[in-house]
Each structure stands twice: as structure tokens, then as C-alpha cells.
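The values are calculated or read from the model by the stated rules, or taken from the named source; none is laboratory data. Just so you know, these numbers come straight off a predicted model, no measurement behind them. Note that we place each Cβ from the backbone using ideal geometry, even for glycine, and neighbour counts take in every protein chain shown. Protein only, heavy atoms only, side chains kept; ligands, DNA and RNA dropped before computing areas. Shrake-Rupley method; radii C 1.70, N 1.55, O 1.52, S 1.80 Å.
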Amino acid sequence: MEGLAAGLEIFSDPTTLGLILLGTVAGVFVGALPGLTSGMAIALLLPFTIFLEPIPAIALLSALYCAGTFGGSITAILINAPGAPPAAATAFDGYPMAVKGEAGRALGIAAVSSACGGIFSLVILILAAPALAHLAYQFGPPEYFALTVFGLSMLASISGKSALKNLLGGAAGVFIATIGVDLTTGVERYTFGRPELYEGIHFIPFLIGLFAMSELLIQSTRTHQILERIKMTAVLLPTREDFRKVWKTILRSSVIGTFVGVLPAEGGTVAAMIGYNEAKRWSKHGSKFGTGEIEGVAGPEAANNAATGGAMVPTLALGIPGSATAAVILGGLQAQGLQPGPYLFEQQPTLLYAIFYSMLLANIVFLGIGLGGAKLFSRISLVPRTFLWPTVFALCVVGAYGVEQSMLGVYVMLIAGVIGFALRRYGFSPAPIIMGLVLGKLVENSLAQSMIIFDQNWLLFFERPIVVLLFSLSLIGIFAAPVAGLLRKTAKEPASANSIEE
Amino acid sequence: MLFSKGVSRLHTMAARAYCAAAVALLATVGFAEPAEDFPSKPIEVVIHTSPGGGTDTTARTMLIGMRSALSPNIVVTPKVGGGGLVALNYAGRRARDGHTLLAITPTHLFAIARGQGSLRIDDLVGVARATDDPLIIVVNAKSEMRTLEDLIQRGKRSPVKWGTAQIGGVDHIAAAIFGKRAGTRIAVVPFGSGGEIVTNLMGQNIEAAGLNLTEALDRIQRGDFRALAVMSEKRLDSLPDVPTTVEKGIPVVYSTVRGYVVLKGTPQDRIDALEAAILQGMKNPAFQSFLSRSGLSMQGIAGSDVWNRQIKQMYEDARAAMQELGMLR
């Protein structure tokens, strides 16, 4: 633990401190802009960090990572355009809050939940990284399959819309995930011979289209109506009462996010989805999710930021990146001549604590930016729609193009926007579609990989304890509500009256 | 003010590049004809992976030195998709005037060998090679397989679960050819990335894998993985005790080679200027330390002659391997 004090030295070095601040501000900015992600920003900065000392270099990159994950929530809440994939679930309830005139409240909750999630995961990182890291090895393809099944088990109830429509939407998402060259067979599916489609539909343009573009189209149908002006309450920050309501959600999501973050290759997006699911499952107002519940903002935001610290666990302790962005940071560590792995903790405790402190500071700084800026940012929701949405459209196009610098992204975004518009008019919610898309590829690939490993004998799934546990949880998740309903029905009069009232 | 300063800087750069090109030409032809300014616009380095991958990092660290040697105006353009096909097709649409460099790996050659995309092998002109990262057959240190012979015997009983990145990629072809030539059975489990292969080999969800030296060296040295053989002709300096597949009598030689090409039709003086600038970029401390830190040898760096011959050779090998595996239509 001697490094704990030694790591504090970074606060006495103005260069490091300046770089952390710079990284945090830049991270919030790129995170908030749809189409720009912190992973891309880190990759672009990587060659230049070679000229820095190891500690300032890594401090800059990890600060950017933390702040970028938070930044995505700002645009998700204000204009329904998640700035980065991990913020997709934040838009489910964050944007409806902004529409109701509670943008400031939503932004405040997002900032506080993000910082809590991030700091929680960092504490776990520093206390238990070497032990927790080995969890990564416990997760082979069968365990991933069970985890994604668990995530998908919430599909039917993810939004307040009808269960049937949610399932259809989820199936559509899973279907879209099948586009491209299949990982395990190498067969092209629905690519129409276009090499651009070999890697599948890119997530970011699709996300921007389904959320922001479809929202724009919906707004455009309302121009002839007299719009209710959003009240100035929009700039109000969350109250103490609000935090009393969400602290359990924050805590739960922090644990989920850290756990999912530790799993290699699973990043904040899956963490946020599961965080949202569980927030809904345990909430007293579960049925109101999707209409602007603060727990629906706190759930995914705490989870996706907790995933940043979680993702650093295998990255530092095993040399295995816990997320796509962590993979880039790993490249940065290696470029500095540091080989992450079990020995890093013994040989370089100072470096480890320096990373811990820089991420901690980044979390505190973005909390400041988030809370301080919430009053300012929330005014965006007061901008008349005739001015706001054309600007959003420009942002959408640039973002969709920027991901791979190709017009295909823009076409995907436009098509997804039209599809999203049509579906929403017919009472579908985008949430299950996104969920199906995020988990679809994983559920299919992990099943195919498992079956090769098991020599096509699926019964071997049940010899793995983690799989059995996750399968059981999924079954409970699916059947608990109907069974409880059934029991209530058979119970006495007052109980059934209550359930109708709900 | 700022603008004019930038322009004049550009001019000096261009002049310097022109001098380099002229010197190179003088050396070969005897005297040079005055060529027009090169580069006259931004040079694009087209890569096939997203930011952060090995090809991207290689290019960006090389560019640090190349920019000061040729022009500050050199950018990385990612064209992701289709196992390099999107990048190949994109480069094929650009003018063949030296302003488009394409980063290639064996993956691109496999795609061309399958007849996919708009380019043929003769369209590629090698400019310089950057890295040569051999494949190593590894198993978990806890595994019962201690030698390559053990692995071959094990596969005769039931297929060895062998992790690969992608179907049709270099490590997949290498595994398939190895299985065929060694007379053993291999069940390929694709994971999409080297990192996931490492995790699953650590967790013993798979039994073996062909990993790049850069991915495996550290774990071999730490005793997590056991290296059974290097897929090369000569033993590696960093792993002197590990036999090669060739010396074990199984001629399977594969490595992830990264280098830069332009398309046929690009003026020779520009190719020479690019070659000189890239080689200069790879002499830069930033690139040198990148190599040594990733455990790669400086011998990966080579000029146009060597690289060009290797591209043709790798292509022929790729065709032969795919023919052998029945992957060519």
C-alpha cells in the first residue's frame, strides 16, 4: 500500500494535473458529440503520448476514458442522440425527462450517478483487482452466452409498451445484428456483395438514426400544433429527495457495471443495458420506465461509468482489455514500455496508484462539469424546436459519417431514422431494438463458439456453475412476474384490487 | 500570417522531398528530370482496421518520423470492413499518383487470392515493409501437451480446439494448413481478436492457438503459455529454445507481415520518395521504441525490393494454401 501515498505525487506535478484536466474536458466533449467516441480520441492521441513520461501519458488517456463515458449522457438526455453507445440506455428515460421540462434534473442525476459508479469501480479496482481479474478467465463462451440470455430475458418488459411489440422489436434488433460475415462460419449474410457490410451494420449510425433522427421526424409532424413551452424548471437540479430515491439504483448499477466491465470485451454498453434492466426490475415504478423516471437515468449511467474502472481491472492485472477503449489504453501502456499483467501490481505500484488517482480526479472533475454545466446545458431543451432540430440533424449526419468516414454510415442513419419513426408511430419503442442489436451478435457468436468447444453437445452447458446460475436467474426473471400475478389473482379481493390500481 | 507561414513550411518540406526524390533518381538513372512538386496535396495512408489496432498503431508511430521527412500533411484514413476489401477497393478508386498509400497484411492477399474486390495482385507495388510478426503455436502451461508431437497425437484422437481471430485470416489458414500437413485434426474456434484468444486459452476454454509473437511473448516468458513451435524457418532470437515447424518436418511458415504499397502506375520517382520517407519514419526513435516494446525485431523493416518479392511470394503461398484447403472456387 506504500504506492497509495506515492501515487499522490501526481497531484504535485502541474503537467500531469493539466493533462488530466485537459483529458476530462476533451472527454466530456467528444463523449457528448454523437459519432465521436472517447476510444477514437484516445487512439488519435496515442502516438503523441509516446513523447510523454509514462504517468502523465496514462493519466491523460484514462481521464479521457472516464469523462468520455459520462459525456455521452448529455446529448442522450437533451436531444435523444446518445453521444456514445454506452449512453444509449440513458436516452430511454433521460430524453423523456427533458421533454417533460426536467432536463437539468436528468443531467444532474446522470452526473452524480456517473461519478458514483466510476468512483465505486475505482475503489474495487484498487482493492481487489488481482483477485477480481481472474473472474475474466472464468468467463468463456458458454458463460457469455448465459449472460446475454440473462440480458435478453428482460426484453419483453424493457419498455412500457406491449410485451409482444417489445419482443418483436428485440427480434428485429437481433436480426439486424446478423448482417455481415458470420464470425464462426465466415459466411456472408445480407451483405448483397457490398464489402462495407461485411462487418455488419455499424452501431453508432444506427443508434443516431433510431433515436435522434426518428425524434426529428416525429417533431416535424407536430409543427402545426401549438407547442407547450417547456417551463424554466428545466434548469433546476435534482433535489436531495431525488437522490434518496435513486441511491439504491446507483449502488446496484455500480456493482453490475464493475462486474460486466471486468469481463473482457464487454464494455459499458452491455453494462448500461443490464443496469437499466435491473433498475426497472427492482423499481417501485417499473411500469413507468420509458416515460422519464430518474431511476431509468441513474441505472445505466452508474453502470456504464462503473464499467470504466471495471474494464481497467483485466487491462492492468492481466493485460487483457476489458473494453474496446481499454484496448486502446493498453496499447498506450505498451507503447510506454509497460507490460500490464500480474507483475505490474508488484513492480509498478506507483503507476497503478497514479492511474487510480487520475481516474478518480477525472470523475470528480466531470462531476463538477456535469453539475455546473447542467444549468447551462439544460437550456438547450428550451431552444425552440424549429431551431434545435435542424442543428441536431446536421450533427447526426456529421456523426454518422465520422465513424468510418463513409457515406454508408449516413445512409444507415437515415434509413434507421425512417424505420424508427414508422415503428414509433405504431407503438414500438426503440429500447428493445437497441437491446437486441447490442446483445444479438454476442448471443449468437458465444453459442456457436460454445457448441464447437462442446463438440455440439449442448448438455455440457449445465456442467458449468456460472451458466446454471445465470440461466436460473433468467428463468426467475421471466416467470416471476406472471407467477406473482397468478398468485395475486388467486388471493383475496383487496390484493387484486390493488393490482388493478397499479 | 499563420497561413503564409504554413505554406512556406509546406514548400520547404516539398523541396526537401523533391531533393530526396532527385537523389534517389540520380542514384538509379544517372540524372534526374525535373519532376513536379510531390506531394502536392495530403497523402492518405489507408488502413483496414479501426483506430487502436496493430496496423493503426504501426502506421501512426511510423508517420511521426515520416511527416518530418516528407510532408507534415499525411493522414491515416481508416476504411474498415470485409477483411481489407473496403480498404483495397477504396485505394483502387484513388488516383495512382503517390498520394495514396495502402497498408497491407496477409489478410489482404487472401482476399485478392479469393478473387474478391477490384484489385489484382499485380496492381500492388511494395514500397516498404514495417513489421514481421511470426505466428507461434501455444498451449496453456497447465496443458498435458508438452511438445508439438503431443499436440499432433492429441488431435488424432479428437479435434484440438484451436482459437483463431477470423475465418479466412492468416492464423486460420495457418492452423488449417498445419492440421493438414501434420496429419492431425483441428477444430477452429473463431474469437474475432487476439485478446479474446489469450483469455480463452488462459481459462482453458480452448486447447491451443497460433498467436503472434507480440501477443504471446510476455505470457510465454512468464510461464502462462507453453510455446510448442514457431511457424518459421529459423528460430527466433527472443525464443531460442522453441523449435520451428520446419525443423519438425512440417513446412508451415506464417507471420503477420505489415507493409505499405501503392498501386501500379504510380510514377517511380514518387515511389522512391515515399520509400525513403517511410524508411526515415521507421528510423525515428518513436517507431524504434514501438518495435522494441512490442517485442518485434528491427529486421521487419525492409525496402521496396525485398518487400515486393515477399508480397508476390506470400500471394503464391496464399493461393497454394487455399487450393490445398479447397477454399478457392
Notebook entry, point to check: Can you give the helix-only mean residue ellipticity at 222 nm for chain B, where every DSSP H stretch with n ≥ 4 adds -39500 (n - 2.57) and the sum goes over all residues, rounded to the nearest 500 deg cm²/dmol?
Noted result: -14500 deg cm²/dmol
Next item on the list: Please compute how much accessible surface disappears when A pairs with B, both sides summed, using a 1.4 Å probe, and round it to the nearest 100 Å².
Entry: 3300 Å²
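How high is the FRET efficiency from A:Ala422 to A:Leu486, r the C-beta distance, R0 35 Å, rounded to 0.05? Intermediate values should be presented prior to the final figure.
Values: r = 36 Å, r/R0 = 1.02.
The value I calculate is 0.45.
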Next item on the list: List the residues whose amide H sits under 5 Å from the amide H of B:Val127, counting only those 5 or more places along or on another chain, with H placed 1.01 Å from N in the peptide plane.
Entry: B:Tyr260, B:Val261, B:Val262
Notebook entry, point to check: Over the Cα atoms of chain A, what is the Rg over Rh ratio if Rh follows Kirkwood?
Noted result: 0.97
Margin query: Using the Karplus curve 6.51 cos²θ - 1.76 cosθ + 1.60 with θ = phi - 60°, what ³J(HN,Hα) values do you get for each residue of the stretch A:475-484, in whole Hz, with x for Gly and Pro?
Written below: 4, 4, x, 6, 9, 4, 5, x, 5, 4
Checklist line | Shielding by partners, peptide A:30-40 (average Cβ within 10 angstrom, other chains) | finding: 1
Check: Hey, how many Å between the Cα centroid of the stretch A:339-391 and the Cα centroid of the stretch A:13-70?
Finding: 10 Å
Margin query: Let me cross-check A:Leu473: its accessible surface, 1.4 Å probe, with only protein heavy atoms counted, in Å² to the nearest 10?
Written below: 70 Å²
Check: Can you give the net charge of the other residues whose Cβ lies under 9 Å from the Cβ of A:Leu46, counting K and R as +1 and D and E as -1?
Finding: 0
Note to self: For a quick size check, give me the Cα extents of chain B along its three principal axes, largest first, whole Å.
What the structure shows: 71, 43, 35
Check: Spin-label point model (7 Å from Cα, Cβ direction): what's the B:Arg93 to A:Thr185 distance in nm?
Finding: 3.0 nm
Check: For the protein assembly as shown, with the dipole built from +1 on Lys and Arg beta-carbon atoms and -1 on Asp and Glu ones, taken about the Cα centre, which of B:Val138, A:Thr386, A:Ile364 lies farthest toward the positive end?
Finding: A:Thr386
Note to self: Can you give me the Kirkwood hydrodynamic radius for the stretch B:227-297, using every pair of distinct Cα atoms, in Å to one decimal?
What the structure shows: 15.0 Å
Note to self: About the Cα centre, and with charges only on the beta carbon of Lys, Arg (+1) and Asp, Glu (-1), how big is the dipole of the stretch B:134-230? Nearest 20 debye, please.
What the structure shows: 380 debye
Checklist line | Whole-number percent relative contact order across the stretch B:134-230, with pairs defined as alpha carbons under 8 Å at least 6 apart | finding: 47 percent
Check: Given 10 Å bins starting at zero, what is the percent of C-alpha pairs of the stretch A:353-474 in each, up to the one with the largest pair distance?
Finding: 10, 18, 24, 27, 17, 5, 0
Next item on the list: Could you run the Karplus curve 6.51 cos²θ - 1.76 cosθ + 1.60 with θ = phi - 60° over the stretch A:280-290 and give me ³J(HN,Hα) per residue in whole Hz, x for Gly and Pro?
Entry: 5, 4, 8, 6, 6, 10, x, 5, 8, 4, x
Next item on the list: Based on alpha-carbon positions alone, could you give the equivalent ellipsoid semi-axes of the stretch B:134-230 from the gyration tensor, as √(5λ), descending, whole Å?
Entry: 17, 16, 12
Notebook entry, point to check: Remind me, relative contact order of chain B in percent, using alpha carbon pairs under 8 angstrom and six or more residues apart?
Noted result: 25 percent
Margin query: As a test of reading the structure, rank A:Phe145, A:Phe393, A:Phe462, A:Phe366 by solvent-accessible area (1.4 Å probe, protein chains only), most first.
Written below: A:Phe462, A:Phe393, A:Phe145, A:Phe366
Checklist line | For the stretch A:28-89, average projected area of the Cα convex hull in nm² | finding: 3.7 nm²
Next item on the list: For the stretch A:328-426, report the accessible area per residue in Å² (1.4 Å probe, heavy atoms, rounded to an integer).
Entry: 44 Å²
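Explain nothing, just the number: dipole magnitude of the protein assembly as shown about its Cα centre with +1 on each Lys and Arg Cβ and -1 on each Asp and Glu Cβ, in debye rounded to the nearest 20.
For this selection, approximately 1720 debye.
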Margin query: Can you tell me which aspartates and glutamates have their Cα less than 19 Å from the Cα of A:Lys100? Leave out same-chain residues fewer than eight positions away.
Written below: A:Glu215, A:Glu228, A:Glu241, A:Asp242, A:Glu293, A:Glu295
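Accessible area per residue for chain B in Å², computed with a 1.4 Å probe and the full protein assembly in place, what is it?
Result: 41 Å² per residue.
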Margin query: If you average the C-alpha positions of the stretch B:240-315 and of the stretch A:290-323 separately, how far apart do those two centres end up, in angstrom?
Written below: 40 Å
Note to self: At 1.4 Å probe size, what's the solvent-accessible area of A:Lys375? Round to the nearest 10 Å².
What the structure shows: 90 Å²
Next item on the list: Heads up, I need the accessible area for A:Thr191: 1.4 angstrom probe, whole protein in place, Å², nearest 10.
Entry: 10 Å²
Next item on the list: Hey, can you grab everything whose amide H is under 5 Å from the amide H of B:Phe225? Only 5+ residues off in sequence or another chain; H modelled, so Pro and N-termini drop out.
Entry: B:Ala141, B:Ile220
Next item on the list: Hey, can you grab everything whose amide H is under 5 Å from the amide H of B:Leu70? Only 5+ residues off in sequence or another chain; H modelled, so Pro and N-termini drop out.
Entry: none
Next item on the list: Compare the Cα positions of B:Asn200, B:Ile152, B:Ala227 along the charge dipole of the stretch B:134-230 (+1 at Cβ of Lys, Arg; -1 at Cβ of Asp, Glu; about the Cα centre) and return the one farthest towards the positive end.
Entry: B:Ile152
Checklist line | Lys/Arg +1, Asp/Glu -1 at C-beta; the protein assembly as shown dipole; positive extreme among B:Ser50, B:Ser238, A:Asn277 | finding: A:Asn277
Notebook entry, point to check: In terms of the ratio Rg/(2.2 N^0.38 Å) built on C-alpha atoms, what value belongs to the stretch A:41-182?
Noted result: 1.31
Next item on the list: Give the distance, in whole Å, between the Cα centre of the stretch A:122-186 and the Cα centre of the stretch A:418-447.
Entry: 13 Å
Notebook entry, point to check: In whole Hz, what ³J(HN,Hα) sequence does the stretch B:114-130 give by Karplus (6.51, -1.76, 1.60; θ = phi - 60°), x for Gly and Pro?
Noted result: 6, x, 8, x, 8, 9, 10, 4, 6, 6, 8, 10, x, 9, 7, 9, 10
Next item on the list: Evaluate the charge dipole of chain B about its Cα centre and quote only its size in Debye, nearest 20, assuming +1 on the Cβ of each Lys and Arg and -1 on the Cβ of each Asp and Glu.
Entry: 520 debye
